[in-house]
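Worksheet: one structure, shown below.
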Amino acid sequence: MDLVRDDDDVEELATRLFAMARAGRTEQLCAYVDAGVPAGLTNDKGDSLLMLAAYHGHAETVRALVARGADPSRANDRGQTPLAGAVFKKEPEVVRALLDAGADPAEGTPSAVATARMFGHDEYLEWFGGGNSRPGGRGDAPPGGRAS
């Protein structure tokens, strides 16, 4: 058994998995997760598959990873959450998917609430229930989206 070769193979697979998350290749990525790759897999910066999918605007991938056990509030090594990243990138479908999965807009550094305030994304603050907690009954759906 060649451990160096095995380590190289594992690193190559992980690199491909993170690229799938960034590209929103949901079906292919989920096939690996369904075969045993942890849904919460992280890279050397603490960015999870979910974080990368969220930051790159792939709501379907976000929902699929959450359905397979990925933590919607898991912060990376800098304290950033997938929700704050989606708010920063102004990805309403991803923001909704993460909120529906239970992501807390007050978590992280900066939090999704602070990020929305910093960039003037008032619609997200409405979804966050005035910036204090999870969304309430009004203003929950993204434009053209569905209310939960």
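The values are calculated or read from the model by the stated rules, or taken from the named source; none is laboratory data. Just so you know, these numbers come straight off a predicted model, no measurement behind them. Ideal geometry is used to build each Cβ from the backbone, glycine not excepted, and the neighbour counts take in all protein chains shown.
Might you let me know whether region 17-25 holds any residue that is among the basic types (Lys, Arg), assigned to a helix (DSSP H, G or I), more than 21 Å from Asp104 (Cβ to Cβ) and within 13 Å of the chain's Cα centre (by Cα)?
Applying the first criterion (among the basic types (Lys, Arg)) to region 17-25 yields 22, 25.
Remaining after also requiring assigned to a helix (DSSP H, G or I): 22.
Those left that are additionally more than 21 Å from Asp104 (Cβ to Cβ): 22.
After this cut, where a residue has to be within 13 Å of the chain's Cα centre (by Cα) as well, the list is 22.
Within region 17-25, one or more residues are among the basic types (Lys, Arg), assigned to a helix (DSSP H, G or I), more than 21 Å from Asp104 (Cβ to Cβ) and within 13 Å of the chain's Cα centre (by Cα).
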**OP:** Kindly indicate whether any position in region 10-21 is at pLDDT below 90 and out of contact with any Cys (no Cβ under 7 Å at 6 or more places or on another chain).
**Re:** yes
Original post:
Which residue, of Gly57, Gly40, is in a loop (DSSP other than H, G, I, E, B) and either acidic (Asp, Glu) or on the phi > 0 side of the Ramachandran plot (or both)?
Top reply: Gly57
Subject >> Among the candidates Ala31, Ala39, Ala19, Ala14, residue that is in contact (Cβ under 8 Å) with a residue 12 or more places away in the chain and either touching a Gly at 6+ places or on another chain (Cβ under 9 Å) or within 16 Å of Glu60 (Cα to Cα) (or both) >> reply: Ala39
**OP:** Could you check how many residues of region 31-53 are of a type in the set (D, E, K, R) and closer than 18 Å to Gly108 by Cβ?
**Re:** 2
**OP:** Could you look through region 79-126, keep only residues that are part of a helix (DSSP H, G or I) and of a type in the set (Ser, Thr, Tyr), and pick out the one that is surrounded by the most Cβ atoms within 10 Å (Cβ to Cβ)?
**Re:** Tyr124
